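Below: one structure, written as structure tokens.
The values are calculated or read from the model by the stated rules, or taken from the named source; none is laboratory data. All of these numbers come straight from a predicted model, not from anything done at the bench. So basically every Cβ, Gly included, is an ideal-geometry build from the backbone, and we count neighbours across all protein chains shown. These area figures cover heavy atoms from the full protein model, side chains too; ligands, DNA and RNA do not enter into them. Shrake-Rupley method; radii C 1.70, N 1.55, O 1.52, S 1.80 Å.
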Amino acid sequence: MIYPTISEYLESIKSAEENFNELTHLRPVLDSDGNPVMSSGNFAVVFKMTDGTKFYAIKCFTKEQAGRAEAYKLIEKELEKVESTYIVKLKYLEKELYVDTRQTDETEFPVLQMDWVDGKPMDAFIQENIEDKHFSILLPYNFSKLAQWLFKQPFAHSDLKPDNILVRFDGSITLVDYDGMFVPAMEGQPARELGTPEYRHPERTIDEFDAHIDDYALCLLLLYVKTAFLNPKYQTIDSFLALLNDLILHPNLQNLEPEDINQLMSNPDFVKLYGLFLNVYIHRNLQGFPVKCLELDGSQNSPNYHELFSKALHSDGEACYELGQYYEKEEDYAESLKWYEKAAQLGHPKATCGICRSRYKNPQKTKKEIFEEFVNAAKLGSPMAKCRLGNMYSKGFGYFSKNLAESFRYYREAAEQGYASAQYHLGLCYEYGWGLEYGRNVKNETRAVEWWRKAAEQGHAGAQYMLGNSYWSSSFARDMKLEAERYRKAAEQGDANAQYHLGICYSLGIGVSGSVSLAVEWYRKAAKQGHAGAQYNLGWCYEKGRDVAKNETLAAEWYRKAAEQGNAYAQCELSECYKKGKGVDKNEALATEWGRRASENFCRRKGPQEIVDTKNIPREHYENGSKKLLAIEWYRRAAEQNYAKAQYMLGVCYEEGIGVDKDEALAADWYRKAVENLCKAAEYGNVQVQYMLGICYDDGKGVATDEKLAAEWYRKAAEQGDANAQFVLGVCYEYGSITINRNQTFAAEWYRKAARQGHADAQFRMGEYGDAWHAANWYFSAAEQGHTDAQLKIAECYEVGKNGFGRDYSQALAWRHIAAVNFRRAAEQGDANAQYNLGICYSLGIGVSKDDALAAEWCRRAAEQGNCVAQNKMGERYASNDVAKNEVPAVEWYRRAAEQGNCVAQEHLGRCYRMGIGVSKDERFAVEWYRRAAEQGYAYAQSILGYCYQHGIGVPKDERLGQMWISRAYRRGSTRHVEYIPGLCGFYRRSFWKRILCRVT
């Protein structure tokens, strides 16, 4: 068949509506000169067309190709099943376009309709972006993904080359020009074309036509993309093909620079792809190779990075911020500053902090220049600059020393301007006494809480966490009833703000008996006066049916009133109402508008905060747990902002049922979220986060227990100076762990580092390690911080006159009394550990008069709060004659402690089942509990378990397992049943420490 010329097609396309058969709705897209946009190749010309909403490519053929119509029908059918951005759908239309041509008597010609791809040929895109580090990472990754995808398909393109690979502005890739494509329906047919010579295997013939004909081109082009960005000398496809020719096809190394070859060969991805190309060159295809052979291995090829970059190019503020974090971690502060600034322009609330950090760390600026920038900004009234100056003075900044007074001054100025981060830091100053005010130390816990509350109400996650800690800890003794009474007096005089807060008091049971109906009543009074927070809460009550009849119409109305005053949460709820038609007619436009307003408010961190939904909080917590409820509320707010420490604390609350119903699934979920965010923060060197991550791996919170990873994170934090991590490492070296052998020298060194920072537990351990004079100093240092073990140790030293203490019974008695007072103070505020220790004091007469009844009472209180040691002790009391002997409750207390993992209680419970004490005799259950205790390293249980195996008690008789468990017990210092291990009696006579040292070394 003879086809029209390009100019004849051009004239026909200009009047497309008259000349098309089916596609009369399409019109040509015109260039600046008024001519149709087009491009031409060897076999066809392509016009850009539009229907007013979408662009299309219309391909008109200029040369005949045998079997084209049949082939395109098969290709069209195959691609209908493919859903991928790598391929465009097509439609082959016979006799579709009328052309007035002089070339032939025919007037109607076929066309191929496809979606238009706005992109550039791959080689042109590479040359245009050769110095862009983002695309140097993104494009090789994207092409690798395309190669892996195409390798798995049952079809092949057949003419892969840069011109047929279009790259969009964001680095995404699409293949075009399917004239020579192979699909499974063509199996056994010869190839219609061989493809461009430079990109096909040199020995390919028309008989090679299957799904693997692209393998050679994929390997070649993937190697080209990687090479071009590694060495811009090879950015053009011609220069790369010349390199390939000199390396492989016609080896001539004299044409190559040694430093170029060394640079390329030092890159693992290049070496891998180079080897892959050699394989495909030798074997002609990659049949039998796994798809992963086309995967890049470099660490920069994290899928997360590429997703972020793609989103950032589409103006996603969160993605821009995370890219800033990525480059900050890579210590590329110019790039991190660029992305943080873009995130700030898009309204990201944390971007300004990233900008400050990047400027601060930028090695191209001196610290003096950075400092002066912030000083000038502060003079212009910038609260962010003042807060940053506060940070600089709090730590010292290179050319000037730490100055807490100046730090406090800047924080206060910024805080009084309403800057949340400064309010948070000012709270820390008041909490820890950092700075001077009117010549006095600023330590003032009440003022700290006031500033944290202001920051928390603006959504500052750190402040919400600290406020939660204040309510959580027993040190903040706020009179809730007095505060509720003050609100009541003002509310009864018509103060809307007091009415709103009194409603919250009734909702959460703060200082009053919890009553949702009274909460609603006070919300209504405040809402009628125009209080936005009350209007939002009242709307929420109507939506949920909280002590009012459920009414979505009224809910939407109250949400609207609050939303119109700028309440972000009400705006968010109103958006949902319009989106789902709840109480209003469904309206997508209004839903979008209110959602946009809410988003802007959240980004600015403005507007009152809503109360948490307390419908799941047990009623018994309203009276006695108001502090815990407030703590949980603030933890929840911080946790919902991905504040990892707060997420961890919520996990604790749900795991232990503190202020909420016990829920292990929710606990696990919050722990998991905490670990995810801790991992991100830990990678940036946050020392406190590294320590918390160590705890998570140690305790299996949110991740599988992994002592090796726990030790690694502890060490990282300790090496950066974290006292808690240093102390934990000291414990690991003192007692040994799976990954750390016992080493008393290292233990003492880590204890000393933590002790010098004022860590009371470490100071106590240094007292155990030090000589007489040093021991006394360390004990006193710990004791002055309220460390009860140190206080009791000092009493012991005074009593017997050791470690440099003269014998003094009155001093011994005084220190025991101090320890007992500390135990009582904490015990009366609900601390289960202190309650147990106070019970021990009463039991032994330590610092108090001996009183078995009070000892039993405090032990019971601790046990009922879940203290497993106290629970085991209660079991022992019931099993002995300490109280009226009763074996049934003894077993129950043992069981409670055993289920929490207390190995002593597990052994006791095993004995009960073995002997039939308080339960039906069951030797299988006995062995199971012995096993649980033994697996925790409890030597006594290990020896009994070994005895059971050797005598077939509750388990099949097994001498080997029996000897193994008794041997383990022996190595831990237990001699029970040692006679059952042949040849150990002589070894047993060695000293305990020699055995331990032998085992460690």
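Before moving on, here are some points about what is shown:
- Of residues in segment 380-430 being more than 17 Å from Thr352 (Cβ to Cβ) and aromatic (Phe, Trp, Tyr), the one surrounded by the fewest Cβ atoms within 10 Å (Cβ to Cβ): Tyr399
- Number of residues in segment 864-887 that are touching a Phe, Trp or Tyr at 6+ places or on another chain (Cβ under 6 Å) and assigned to a loop (DSSP other than H, G, I, E, B) equals 2.
- Boolean, Ala589 is surrounded by 16 or more Cβ atoms within 10 Å (Cβ to Cβ) and either more than 17 Å from Ala496 (Cα to Cα) or of a type in the set (A, V, I, L, M) (or both): no
- Members of segment 145-166 that are of a type in the set (D, E, K, R), part of a loop (DSSP other than H, G, I, E, B) and within 18 Å of Leu223 (Cβ to Cβ): Lys161
- Matching residues in segment 833-863 - criterion: being at pLDDT below 80, open to solvent by less than 40 Å² (accessible area, probe 1.4 Å) and in a helix (DSSP H, G or I): Ala834
- Condition met for Trp149 (farther than 27 Å from Gln65 by Cα, touching a residue at least 12 places away in the same chain (Cβ under 8 Å) and either under 40 Å from the mean Cα position of the chain (by Cα) or surrounded by fewer than 18 Cβ atoms within 10 Å (Cβ to Cβ) (or both)): yes
Let's see how each residue does on (1) over 23 Å from Lys645 (Cβ atoms); (2) of a type in the set (Asp, Glu); (3) out of contact with any strand residue (DSSP E or B) (no Cβ under 9 Å at 6 or more places or on another chain); (4) in contact (Cβ under 8 Å) with a residue 60 or more places away in the chain:
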position: Gly396; (1), (2), (3), (4): yes, no, yes, no
position: Lys402; (1), (2), (3), (4): yes, no, yes, no
position: Phe408; (1), (2), (3), (4): yes, no, no, no
position: Tyr419; (1), (2), (3), (4): no, no, yes, no
position: Gln423; (1), (2), (3), (4): no, no, yes, no
position: Tyr432; (1), (2), (3), (4): no, no, yes, no
position: Asn441; (1), (2), (3), (4): yes, no, yes, no
position: Val449; (1), (2), (3), (4): no, no, yes, no
position: Arg453; (1), (2), (3), (4): no, no, yes, no
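- All strands (runs of 3 or more DSSP E) inside segment 42-129 with 1 or more residues being more than 23 Å from Leu30 (Cα to Cα): 90-98, 108-115
- Residue among Arg192, Arg204, Arg200 that alone is farther than 19 Å from Tyr86 by Cα, crowded, with 17+ Cβ neighbours inside 10 Å and without any contact (Cβ under 8 Å) to a residue 60 or more places away in the chain: Arg200
- Boolean, Ala57 is of a type in the set (A, V, I, L, M, F, W, C) and surrounded by fewer than 13 Cβ atoms within 10 Å (Cβ to Cβ): no
- Residue satisfying all of: in segment 316-331; at pLDDT 80 or above and out of contact with any Leu (no Cβ under 8 Å at 6 or more places or on another chain); most open to solvent (accessible area, probe 1.4 Å) among these: Glu318
- Among the residues of this structure, Gly180 does not count as one that is on the phi > 0 side of the Ramachandran plot and touching a Ser or Thr at 6+ places or on another chain (Cβ under 7 Å).
- For Arg816, the test of being among the basic types (Lys, Arg), more than 20 Å from Glu734 (Cβ to Cβ) and open to solvent by less than 60 Å² (accessible area, probe 1.4 Å) is passed.
- Filter result (touching a Phe, Trp or Tyr at 6+ places or on another chain (Cβ under 7 Å) and crowded, with 21+ Cβ neighbours inside 10 Å) within segment 115-128: none
- Hits in segment 925-971 (condition: open to solvent by 30 Å² or more (accessible area, probe 1.4 Å) and in contact with a Cys (Cβ under 6 Å, 6 or more places away or on another chain)): Gln936, Tyr938
- Within segment 677-695, not a single residue is at pLDDT 80 or above and open to solvent by 70 Å² or more (accessible area, probe 1.4 Å).
- Among the residues making up segment 702-713, those that are among the hydrophobic types (A, V, I, L, M, F, W, C) and in contact (Cβ under 8 Å) with a residue 24 or more places away in the chain are Val703, Ala711, Trp713.
- Qualifying residues in segment 245-276 (those that are part of a loop (DSSP other than H, G, I, E, B) and open to solvent by 80 Å² or more (accessible area, probe 1.4 Å)) - the one nearest to Pro197 (Cα to Cα): His250
- As a summary of the residue check, Lys716 satisfies the conditions (1) touching a residue at least 24 places away in the same chain (Cβ under 8 Å); (2) open to solvent by 30 Å² or more (accessible area, probe 1.4 Å); (3) farther than 21 Å from Tyr648 by Cβ except for the one numbered (3).
- Taking residues in segment 578-590 that are more than 17 Å from Glu564 (Cβ to Cβ) and in a helix (DSSP H, G or I), and partners anywhere that are open to solvent by 70 Å² or more (accessible area, probe 1.4 Å) and modelled with pLDDT of 85 or more, the pairs with Cβ atoms closer than 9 Å and at least 6 places apart or on different chains are Lys579/Lys586; Lys580/Lys586.
- Taking each residue of segment 527-539 that is closer than 22 Å to Lys582 by Cα and looking for partners that are outside any helix (DSSP H, G or I) and open to solvent by less than 10 Å² (accessible area, probe 1.4 Å) with beta-carbon atoms closer than 9 Å, six or more apart or interchain, yields Ala532/Asn567; Gly533/Asn567; Gln535/Asn567; Tyr536/Asn567.
- Test: residue in segment 105-113 that is touching an Asp or Glu at 6+ places or on another chain (Cβ under 7 Å) and modelled with pLDDT of 95 or more: yes
- From Pro154, Pro121, residue being closer than 21 Å to Leu79 by Cβ, of a type outside the set (D, E, K, R) and more than 32 Å from the chain's Cα centre (by Cα): Pro154
- Which listed residue, of Glu76, Glu83, Glu70, Glu64, is without any contact (Cβ under 8 Å) to a residue 24 or more places away in the chain and surrounded by fewer than 12 Cβ atoms within 10 Å (Cβ to Cβ): Glu83
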